[in-house]
Structure formats: C-alpha cells, structure tokens
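Report on the structure given below.
The values are calculated or read from the model by the stated rules, or taken from the named source; none is laboratory data. Predicted model only: the values in this text are computed from it and were never measured. Quick reminder, even Gly has a Cβ in these numbers, built from the backbone with ideal geometry, and neighbours come from all protein chains shown. These accessible areas exclude ligands, DNA and RNA; they are computed on the full protein's heavy atoms, side chains included. Shrake-Rupley method; radii C 1.70, N 1.55, O 1.52, S 1.80 Å.
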Amino acid sequence: MGRSSDQSNTRSTGTAPCRIAVDDRTIAGHAQDIRLRLYRPLIGLTVPALLYLHGGGFTSGSLEEAETAAAAIAESVPALVVSVGYSLAPAHCFPTATHDAHQAALWTLAEARDLNITKGGLGVAGHDAGGHVAASLTFLARDQGEVDIRAQALLGPMLDPSLTRAGDAQAMQCDVPAAAYARCYRAYLPDAAQRVHPYAAPLDSRRLAGLPPTLIVTAQKDVLRIEAEQYAANLIGAGVPTEVTRFPAISHAALPGHRPALLAVADFFRRRLSPADGRGVPV
C-alpha cells in the first residue's frame with residue numbers, strides 16, 4: 001500500500017467532472033517488486049482500465065513524473081489508470097520492463113472486481129521508453145494470450161533501436177538528439193543481438209497482425225516523429241485500426257504534459273474501451 005488521496009477534476013473534457021482517488025500498491029515484478037499508482041474515478045460506476053508507462057529512456061522516470069498524464073487520462077475517459085513503476089536499466093535490461101508491465105496487467109485483471117472495472121480487455125499507454133514498453137506488451141499479450149489488450153496509445157514512442165529513421169535534431173529544432181536515445185538503447189539492450197528481437201524493435205517487426213487498435217501521438221519537434229509515423233503506416237498496412245495525431249510546435253518532452261495530446265488520448269480510449277452503450281455499470 002502507500003499514499004492515498006482524492007483529487008478534483010476541473011477540466012472540460014466532454015464528460016461530467018469527477019474526482020479521483022489515488023493510492024499506491026506494490027506487486028511482484030519480473031525481477032523485483034514494483035510499485036503501481038492507481039488513479040480511480042469516484043463516479044459510482046464501473047469503468048474501463050488501462051496501464052500507463054512513463055518515459056525516461058529506460059534508465060529514469062518515475063510514478064511521480066507520470067502524475068500529470070495518468071491523472072488527466074483517468075479523469076477524462078474516465079478510467080482506472082494503473083501507472084506502472086517498471087524496473088529500470090542498466091540494472092534491469094530487456095525484457096524486464098515489458099514483463100513488469102505484463103505482471104501489472106495480470107494483477108489489474110485479477111483485481112477487477114475489487115477495483116470496479118468493466119469486464120473485457122485493458123488499454124495501455126506510454127510515452128518515450130514507456131511507449132516502447134507499451135508496444136512490446138501488445139506483442140507479448142497477443143502471443144501468450146493471457147491478457148487482452150484492447151487499445152494502445154503511444155506518445156512519442158521509442159520504436160527503433162537502430163535509429164536509422166531518426167530525424168535531424170537541429171533541423172527539426174528538437175529537444176533531444178538521436179545520440180541521447182542511442183545511449184538509452186545501449187543501457188536497455190546491451191547485447192546487440194537483442195536489438196533485432198521483435199519485442200525490442202517494433203518498427204522492424206513483420207508480424208503486426210492481431211495487434212490492438214492504436215493511436216500514435218507525435219510532436220513536430222521530435223527526432224522520433226518519423227519512426228513513430230512509419231510504425232503507424234506499418235500497422236495500417238497490417239490491417240490494424242490506427243490513428244495518427246501530430247501536434248505542431250511542441251517537443252518530445254512536452255507531449256505527456258500537453259493538454260490537447262492528453263485529451264486526444266482520452267478520447268481514443270473512451271471510444272475503444274467504453275461499453276457499447278457508452279455507460280458504466282452501477283456499483
């Protein structure tokens with residue numbers, strides 16, 4: 001357990017304002033215990049659930065840094081958002097983060113009754129390295145069949161360890177150069193052979209059929225924009241329902257705090273995860 005608090009929502013989201021309860025849990029991860037932070041809408045109805053995976057290039061980031069995005073999505077869908085404090089590199093390399101996310105998904109489904117979440121699958125969202133972990137989780141979930149991921153939203157995701165499709169940081173006025181991402185990949189994927197694994201290099205995967213409906217959110221000033229939008233094209237080519245939204249004049253780091261981007265993510269999950277009649281079930 002851990003902290004517990006209520007927060008008020010004053011955003012105009014197209015749904016009635018709601019308060020959320022925030023509390024921490026600790027569960028067994030792939031290599032060590034991991035922390036989860038739950039954002040639960042207090043609306044007296046069952047709600048869909050999704051995981052949120054923070055950024056930080058596999059080597060940093062925290063539940064605290066994910067607070068703005070996770071809370072905004074929880075309030076705006078509304079949905080139970082489980083923010084996952086996955087294990088970080090270089091102490092914990094690939095595929096630990098993906099398996100931590102999988103453990104969090106299994107835990108969420110096992111606690112569905114107590115958490116008052118609707119039946120059916122989960123959503124998953126992530127920014128930066130969290131986008132990579134989210135994408136990797138959809139591969140793992142599809143292949144193992146234990147978790148039904150119904151939708152994924154990737155914000156400025158890291159998808160290509162080769163970085164061969166990265167943009168020119170100076171020309172694009174980017175806040176993070178490709179060299180910084182290369183250092184992150186070396187920490188998470190220290191063995192060069194790992195960098196061609198389909199779970200580690202989603203952009204180069206040739207087996208995309210069966211992945212969940214996807215929203216790709218990009219920033220104009222981001223060297224990862226080109227590869228993220230190429231991944232969207234690959235998904236479309238594989239028959240995966242895919243949407244792409246690019247936000248002009250903002251940077252990679254700004255995405256998880258950018259209100260229009262978070263509202264786009266919430267709208268996507270509202271359409272993809274809500275019950276058919278658009279209402280929850282009284283609890």
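What to note about this one:
- Projected label distance in nm at Arg150 and Arg259, using a 7 Å step from Cα toward the beta-carbon: 2.9
- Sum of side-chain charges, Trp107 neighbourhood, beta-carbon under 15 Å (Lys, Arg +1; Asp, Glu -1): -3
- Computed from the C-beta positions of Asp23 and Ala91 and an R0 of 35 Å, the FRET efficiency is 0.85 to the nearest 0.05.
- Ala180 sits among other residues whose Cβ lies under 13 Å from its own Cβ, and their net charge, with Lys and Arg +1 and Asp and Glu -1, is -1.
- Ellipticity at 222 nm from helices only: DSSP H runs of n ≥ 4 in the chain, each -39500 (n - 2.57), divided by the residue count, give -9000 deg cm²/dmol.
- Near Leu38: Cβ cut-off under 9 Å, other residues only, Lys/Arg at +1 and Asp/Glu at -1. The net charge is +1.
- Directionally averaged shadow of segment 20-273, computed from the convex hull of its alpha-carbon atoms, nm²: 11.8
- Straightening the chain between Ala180 and Val196 buys 3.8 nm, computed as 0.36 nm per residue apart minus the Cα-Cα spacing.
- Inter-centroid distance (Cα atoms) of segment 152-175 relative to segment 82-130, Å: 24
- Prolate/oblate/rounded label for segment 214-268 (Cα gyration tensor, a/c 1.5): oblate
- By DSSP, the beta bridges lying fully in segment 20-273 are antiparallel in about 35 percent of cases.
- Against the chain, whose longest principal axis comes from its Cα atoms, helix 67-76 is set at around 50 degrees.
- Applying 1/(1 + (r/R0)^6) with r as the Cβ-Cβ distance of Ser60 and Lys119 and R0 = 45 angstrom yields a FRET efficiency of 0.80.
- Separation in nanometres of the label points that stand 7 Å from Cα toward Cβ, at Ile226 and Val244: 1.3
- Scalar couplings 3J(HN,Hα) for segment 241-247, obtained by applying the Karplus form with A = 6.51, B = -1.76, C = 1.60 to θ = phi - 60°, are x, 9, 10, 10, 10, 10, 9 Hz; x denotes Gly and Pro.
- Ordered from largest to smallest accessible area (heavy atoms of protein chains, 1.4 Å probe), the residues Asp160, Asp33 come out as Asp33, Asp160.
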